[in-house]
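Each reported figure results from applying straightforward, stated rules to the coordinates on display, with no laboratory input. Not measured: the values here are computed from a predicted model. Quick reminder, even Gly has a Cβ in these numbers, built from the backbone with ideal geometry, and neighbours come from all protein chains shown.
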Amino acid sequence: MTKTLYAEFTVKPGSEARVAEMMLELTEHVRSEPGNELFLPYRREENPREYFVFEVYSDEAAFQKHIGADYGAKFNEELVRHIEGDGSALTWLLPVE
């Protein structure tokens, strides 16, 4: 079964350019992962500091490899300094069947 999640976070004022750069770098890495099926980062049109990322992995094993990647750990370590709150809010999703 695929592993699907929706992540959201709000960037602190003044960190917009750095986080946009970080997201582009992360997107390139994640999309090259063998088990990644979809990685779509977005910003809210009326508030570009609000990010939304839709992610789909082929299965739990692919997701575990994703979260174990060194570039992801580096991204998350830096991201917490640039966003409001303690981290991204994650929503796990299941398909409607």
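Does Glu8 qualify as being acidic (Asp, Glu) and either part of a helix (DSSP H, G or I) or touching a residue at least 12 places away in the same chain (Cβ under 8 Å) (or both)? The answer is yes for Glu8. Taking the options Val53, Val30, name whichever one is part of a strand (DSSP E or B), closer than 18 Å to Trp92 by Cβ and not charged (D, E, K, R). The conditions single out Val53. In a residue-by-residue description of segment 52-60, the property of being touching a Pro at 6+ places or on another chain (Cβ under 6 Å), among the β-branched types (Val, Ile, Thr) and either under 15 Å from Ala7 (Cβ atoms) or surrounded by 12 or more Cβ atoms within 10 Å (Cβ to Cβ) (or both) applies to at least one position. The single condition among (1) farther than 14 Å from Ile83 by Cβ; (2) buried (at least 16 other Cβ atoms within 10 Å of the Cβ); (3) touching a Phe, Trp or Tyr at 6+ places or on another chain (Cβ under 7 Å) that Met22 does not meet is (1). A residue that is touching a helix residue (DSSP H, G or I) at 6+ places or on another chain (Cβ under 6 Å) and in a strand (DSSP E or B) occurs somewhere in segment 56-79. When each of Pro13, Pro34 is tested for being surrounded by fewer than 13 Cβ atoms within 10 Å (Cβ to Cβ), farther than 15 Å from Ile83 by Cα, over 11 Å from the mean Cα position of the chain (by Cα) and not charged (D, E, K, R), the lone residue that passes is Pro34.
Filtered by the rule that a residue be out of contact with any Ser or Thr (no Cβ under 9 Å at 6 or more places or on another chain) and among the charged types (D, E, K, R), segment 45-97 gives Glu45, Glu46, Glu60, Lys65, Asp70, Lys74, Glu77, Glu78, Asp86, Glu97.
Whenever a residue of segment 80-96 is farther than 22 Å from Pro48 by Cβ, its partners that are of a type in the set (Ser, Thr, Tyr), lying with C-beta atoms within less than 7 angstrom and at least six residues away or across chains, give the pairs Leu93/Thr4; Leu93/Tyr6.
Scanning for something over 14 Å from the mean Cα position of the chain (by Cα) and not hydrophobic (A, V, I, L, M, F, W, C), does segment 71-79 turn up at least one residue? No, segment 71-79 contains no residue that is over 14 Å from the mean Cα position of the chain (by Cα) and not hydrophobic (A, V, I, L, M, F, W, C).
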